[in-house]
Structures are given as structure tokens and as C-alpha cells.
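See structure below.
The values are calculated or read from the model by the stated rules, or taken from the named source; none is laboratory data. It should be emphasised that the depicted structure is a prediction, and the values quoted were computed from it without experimental measurement. Note: ideal-geometry Cβ built from the backbone for every residue, glycine included; neighbour counts use all protein chains shown.
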Amino acid sequence: MTTWQLTTPVALIIFNRPDTTRKVFEAIRQAKPPKLLIVADGARENHPRDRQNCAESRAIVAEIDWDCEVLTNYSDRNLGCRDRVASGLDWIFAEVPEAIILEDDCLPHPTFFRFCEELLVKYRHDLRVMHISGDNFQTQKSRTTDSYYFSNYNHCWGWASWRRAWQHYDVDMRLWDRIRDGDWLLDILQDRSAVREWNQNYQKIYDRITDTWDYQWTFACWLQSGLSILPNTNLVSNIGFNQEATHTLHRNLFANLPVQPMEFPLKHPVAIIRDRQADTFTQNLIFSRSLIAKLRRKFWLSSTRNIFIATQG
């Protein structure tokens, strides 16, 4: 039997969290990528513990004990989530044509790497597909009997992509006013309430009120009618929900989601068509701010964890 060996470059984005960095780096060490690209932000001046924590995090990822080419892109000053991650990803895709990407609080199942690599190869030249995610937020619902489905939503807690897709990324969203004024989000989302919420999200990012990089990636994919691949089982758990985090400060529905292995060989969908039912569920689960949505989240959180506990015996 042939033993699978990872050949795709892996990129790790770190900052000031040695505790979670250690766990994620250990998962990468087990996968043994032949090339590792590391992006790090600098310490914040008004946070006394940052300098030591940043140094400890960088020391952890220097512990390479397998045959591996290591490239680093470290900032001497703090750029913040938006500019550091965006510029780091620009650097990554300038160095390599495709990569598997993890942040320092996204802990993958071992099968995540093979899942990403096989699909990077399969869809390498298919311009319809722009993103491969390790995340499944369907609360234990299998939408199909396939290994994955296609979506408008490109979840970024463990993902992979190609330079040919990333070239469309614009952290400043310079086309936003034209998309907004032309009401083009309605053509994408086909739901007025969803359009209102995404308009608010994008306007805050465009006005530099929200310090993030990932909504701009979703925007870039939407402008190209690009699809994302989402696995039918969750392959990555965000272990970073606490007061030390930048955005995930409070434990919620998505904290420490359980992971399950992907089965191989992969079962591919027969058609490249987005799953509208799954996307509607995602919109209501993650992005809706209505009272009904909040009540649903509480129910989904309880039911999902109970189902997982039951399936694990």
C-alpha cells in the first residue's frame, strides 16, 4: 500500500499566542511539509506582554526537525490583523503558486492536509473554484453523500488556495462603492435581508472601522463568481476563543468545534454547483443578526455537541 506524503507548501500565520501556536505547529510537524512559510506580526507598543509572547511564538516555529525549506516574513512593528495577514498572504502567493494556510489558533485534523492537497491538484486550473476550506458549520448535517460541496462562503479557519485566485484580492475593496450602488449583492445572495447585513459588514471594512482581512477575500471571490469547497465533515477546530484573541474574544457556537477524519479516497460531486440550501443555513447561522437567528444558534450549539458526544460513544 502506498503511503501518502504531503508535497504542498504550508503557510502558518502567527502573532503572540505561544500556547495555541505550539499545538498548531505540532500538527504541521506531523504532516512534515517540504516547505513552510511563516508570517508573523510585531509586538504592540501598548501591550507589555507582547514582546515576550511574540518572541516565544517565533521560537516555537523555529523548531524544525524534518527535511523542510523554511521561509519567514516577520514584521518588526505591529501592523494589525488587516494589514499583517493581507500582506503576509500577498508574500505567500508571491513565493509559491499554491499553499495550505493555517493561523496560530486553527488546529487541523491530520486528514486536513491530504484533503487540501488532493483538491488543490484536482481544481488547479479550474477558474470556477477559488478556495478550499477545512471548515464545516452545518452542525453535523451531511448535505450530500460526497466528501465536500460547493459554496459561496469561504470559511478561513484552515484553508488552501492558488496564486491564480489570490491575484483578485484587494484589501481596500476599491470596487465596493460600485458593487453597493449597483445593488449587485442581490444577484449573489438573492435575499434582501442578507444583502442588508453584508452591506453593513462591507461598509465598515471599506471605512476601515473593522480591522480584518477575510471579508475582503469573500468579496474578491464573489466578484469572480468564485466557488469555495467545504468538506462534509469538520476538519479544523478554532482553539483561540479567549481574552487574548483579536476577534474571537468570547466562547460561542464556533469555539473548539470537534473535528472528524476525512475518508479517502475522496468522493467528488458530479457537478460544480453551489449548494443553495447549505448556504442559506450558513447565512442564517453565522451572519444573521435577527433575534430568531440568535435563538437558533443556542439550539444549534446544544444539539450539535450532544449529537457529537453521542456519535463518539
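Listed here are the residues, each with its yes/no results for (1) among the hydroxyl-bearing types (Ser, Thr, Tyr); (2) outside any strand (DSSP E or B).
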{"position": "21", "(1), (2)": "yes, yes"}
{"position": "26", "(1), (2)": "no, yes"}
{"position": "43", "(1), (2)": "no, yes"}
{"position": "52", "(1), (2)": "no, yes"}
{"position": "64", "(1), (2)": "no, yes"}
{"position": "72", "(1), (2)": "yes, no"}
{"position": "78", "(1), (2)": "no, yes"}
{"position": "81", "(1), (2)": "no, yes"}
{"position": "85", "(1), (2)": "no, yes"}
Has the range 1-11 got at least one residue that is at pLDDT 95 or above, part of a strand (DSSP E or B), in contact with a helix residue (DSSP H, G or I) (Cβ under 7 Å, 6 or more places away or on another chain) and surrounded by 14 or more Cβ atoms within 10 Å (Cβ to Cβ)? yes
Quick count over the range 59-108, residues being over 16 Å from the mean Cα position of the chain (by Cα) and of a type in the set (Lys, Arg), is 1
Cβ-Cβ under 6 Å pairs, at least 6 apart or on other chains, the range 16-32 side farther than 21 Å from residue 81 by Cβ, far side surrounded by fewer than 20 Cβ atoms within 10 Å (Cβ to Cβ) and among the aromatic types (Phe, Trp, Tyr): 32/66
Among the residues of the range 28-39 satisfying the criterion of being under 17 Å from the mean Cα position of the chain (by Cα) and assigned to a strand (DSSP E or B), which is farthest from residue 121 (Cα to Cα)? 39
May I ask you to list pairs of residues, at least six apart or on different chains, whose Cβ atoms are under 6 Å apart, with the first in the range 209-232 being under 18 Å from residue 175 (Cβ atoms) and the second being among the small types (Gly, Ala, Ser)? 213/86
Hits in the range 37-59 - residues which are surrounded by 20 or more Cβ atoms within 10 Å (Cβ to Cβ) and either farther than 12 Å from residue 15 by Cβ or without any contact (Cβ under 8 Å) to a residue 24 or more places away in the chain (or both): 37
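Against the definition (at pLDDT 80 or above and either surrounded by 18 or more Cβ atoms within 10 Å (Cβ to Cβ) or among the aromatic types (Phe, Trp, Tyr) (or both)), how does residue 223 come out, yes or no? Spell out how you get there, then give the answer.
Values: at pLDDT 80 or above: yes; either surrounded by 18 or more Cβ atoms within 10 Å (Cβ to Cβ) or among the aromatic types (Phe, Trp, Tyr) (or both): no.
Answer is no for this residue.
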